[in-house]
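Only one structure is covered here, and it is reproduced in the block below.
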Amino acid sequence: MESRLTDINNNTTELEVKLGAGVKQLEGLRTELEVRLSANEEQLEDLKTQNTVQSVQLSLINSSLTESHNNTTALEVKLRSTETQLEQQTAALEVRLDVSEKQLEDLKTENTGNTLTLFTLKL
């Protein structure tokens with residue numbers, strides 16, 4: 001019986017040692033997990049900050065693109081208007097040119113007639 005009691009004590013001591021080692025191992029794992037968790041939480045916060053910065057940058061780029069699109073549209077309208085004005089001015093100038101050329105031809109004809117008259121009178 002005493003031998004059995006010694007065996008039980010030895011087993012109990014052995015189990016206490018194993019339990020202590022297991023507890024230390026679990027505490028070590030817990031500490032490691034807490035460190036990793038803390039690092040991951042910090043990294044998450046950094047990524048959230050980066051995401052916010054990038055969202056602001058994208059918003060600014062989007063606003064800039066919208067503004068550029070609006071400016072482009074306004075310039076296209078202005079260009080079409082200018083083209084129309086130029087076409088109208090060109091048409092008016094062509095009419096004036098035609099009239100001037102006709103007047104020039106008429107004056108040449110008249111001048112030729114006057115020259116012939118003068119030539120005839122001198123003879």
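A few comments on the model shown:
- 0 to 90° range, to nearest 10: angle between helix 2-122 axis and the chain longest Cα axis: 0 degrees
- (i) 48; (ii) 60; (iii) 81, with the label sought being that of the calculated percent of Cα pairs over 19 Å apart: (iii)
- Those lysines that a straight Cα-Cα span of less than 28 Å connects to residue 122, excepting residues fewer than 8 apart in one chain: 108
Rule-based calculations on the coordinates, nothing more; no lab input. A quick note: this is a predicted structure, and the numbers were derived from the prediction, not measured.
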